[in-house]
Structure formats: C-alpha cells, structure tokens
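Scroll down for the structure; my scribbles are underneath it.
The values are calculated or read from the model by the stated rules, or taken from the named source; none is laboratory data. Given the structure is predicted, the values throughout are model-derived calculations rather than measurements. As a convention, Cβ positions derive from the backbone with ideal geometry for all residues, glycine included, and neighbour counts pool all protein chains shown. Please note that ligands, DNA and RNA were not included when accessible areas were found on the heavy atoms of the full protein model with its side chains. Shrake-Rupley method; radii C 1.70, N 1.55, O 1.52, S 1.80 Å.
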Amino acid sequence: MNLQPVPELQHRTVLLEEAVDALAIEGERANGVYLDGTFGRGGHSRAILSRLGPQGRLIAFDKDPLAIATAQKIDDARFEIVHDSFATMDQALAERGIAQVDGVLMDLGISSPQVDDAARGFSFRLDGPLDMRMDTTRGVSAADWLATADEQQIAKVIRDYGEERFALQIAKKIVAGRAIQPISSTRQLAALVAQAVKTREKGKDPATRTFQAVRIFVNQELEELEVGLEKAFRQMAQHGRLVVISFHSLEDRIVKQFMASKAHAPQPDRRLPIRAIDLPQAPARLLPRIMPSAAEVESNPRARSAVMRGLELIVAPAAGVAA
C-alpha cells in the first residue's frame, strides 16, 4: 500500500506533560538514555528532547511508515527512530551498544491520524480498505485474515480482544457474508456486524468492539505489550522509570498486573528466622496512577479512556538474571 501523509489530520498527544514529568528527566538523569516506544506523531518525543541534556539520548520506535516519515524530519543528533515494534528494543539497544536505559515511555493504541485516515481501515465510520495494519509494509491485513479464518477463530478473536458478547453471531455473519462477496471494506464489515448485534450501549456503534478486536489481533498488540514490558524492565538502570498510557481495559489490565508484580517483594518462608532488615525488597515501586483532567477530556474527547501507570526500578536485577 502506498500511503501519503494527510496534512489535515491532527494528533493531540494525551497526558503529554504528565507522562514526561513521570520520567523524571532532571539533574544527572537529563543526560541518560530514554526510549519512546510509540513515536506516533512525536508529541512525547519532542517533549522528552526538550528536557534532555547535551549528552542525553532518545531512541523512538514505531511500526507506522507515516510515523517514521514524521520522525525523520527531527534534526537532533540526540534522537534516533527505529522502524519496528518496541518489543524489539533489546535487539535495537544491543546493536547500539547500550546496556541500560533511564526511562521508557509507551503510549499505546492508535493515533488520531490513523483513525481519521480512511485508507488505513481502522474506522467503522469511514469507508475504506479493510487493512488495519500499523505497519503497512508487512503482515496480513484484516481483510486477508477475515477471508481465511474459520468461524471459531473469528469468534474467539472478537470475544477475547473485543469483549463482545455477540462474538459468535458476528462470526457467523462474517462467514456467511464472505461466501457472497469478499469483505474488503470497512463499511462492509460494519454492516455485517450491525446485522448481528441487536442491542448496544447508548451512543456506541455496534461495530466498536469488533473493530477493536480485529485491529488488536492483526497487530498482535497485547502480545507485543507483554513482551515489551518485560524487556523494558530488564533494560532499566537503577531508578529508571517505566511509564505506560493505555486506552482500553485489556491493555490496562496487563500493565496493572505487570507493574504490581514488580512492586511486590517475594515472601520468604515464615518459619525461617529472618530479621526485618534482611527481608527481600520489592524490585520496584509504583508511581501514582494518573488520568486526564476534565479540561483535557473536554478539549480532546479521545483522552477520556486514558490511564497512565508508572514504575520506578529500585533494585536493579543482577547481571544475566531476568527480573
């Protein structure tokens, strides 16, 4: 697919100052190494660069070719963009001779330009090719997957990733519909879902959950998140910060459980005579959870479901030992 930038599509970065504040880029840390796991249109990256010292370094990741094109316009020797998922950060850092980082920021989900560009196929409100890939240079599109997956596979994806109670009915409609003609556009898929979903929450399109589910599956978003969180934690230097902004319950649940596990100290056998001072220490501490202010939600409605969670590494893992 040959994608062209669409200038009128604007992206407003959610929790911009709050997320960068949480990275604690100050003092000696201003000359550290930071990762922006999802460059998007560069809001967080530019804010990080504005706080970095002359020896600081920022490495950003993104799968979207248009995001890469935007990032390449940043003329700053401290900045580098990697066209890949943040789940590959360990390889990218190793290739650059970097052993540890001082902060990692992950702004999950999709950006406004991706949603608002009909050619990307993310939106059920706009008619366009049913693609949904973050990286249009590789992988299987939503249309190609729906053309070959069986009814049970489709139902499982819609149920698990969309938390859709009508998943089986929707899958049946999709399979029946593709037998008549290929499902190649967003409007076709949305119409089939609407036929299967008879009731829906007020103000919510029947296709909302299905489009979310297919997008997450096609891009392997939750699997990459789980891998990326573990790799980010292992790469952090002592007092390094991991900050994640999520936009739906599936993402937030993974982030919340991961961070809670790292902020919990392993409990020794109570029968052993261990002094309090010698008890195991939790490897990390949780930062306060932050949600967008009422003013931000009013000015940017897409911020309404955002949740930001953070973690600070207290006890660095021993060399060669996974956290």
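When only Cα pairs below 8 angstrom with a gap of at least 6 residues are kept, the chain shows a relative contact order of 17 percent.
Computed with a 1.4 Å probe on the full set of protein chains, the accessible area for V307 sits at about 20 Å².
Taking GluC sites (Glu not before Pro) as exposed when DSSP calls them loop and at most 13 other C-beta atoms lie within 10 angstrom, the chain has its longest site-free stretch at 27-200. Between 0 and 90 degrees, rounded to the nearest ten: what's the tilt of helix 167-180 against the longest Cα principal axis of the chain? The angle comes out at about 50 degrees. Accessible area ranking (1.4 Å probe, heavy atoms, ligands and nucleic acids excluded), largest first, for H264, H83, H239, H44: H264, H239, H83, H44. Working value for the range 53-193: equivalent-ellipsoid semi-axes of 37, 17, 12 Å, each the square root of 5 times a Cα gyration tensor eigenvalue, largest first. Pairs exceeding 23 Å between alpha-carbon atoms, taken from K156/K262; K156/K198; K231/K262: K156/K262. Of the solvent-accessible surface of the chain, computed with a 1.4 Å probe and all protein chains present, 52% belongs to carbon and sulfur. Diffusion coefficient of the range 24-78 by Stokes-Einstein, Kirkwood radius over Cα pairs, 4 °C, 1.567 mPa s: 114 µm²/s.
Protein heavy-atom accessible surface, 1.4 Å probe, per residue over the chain: 49 Å².
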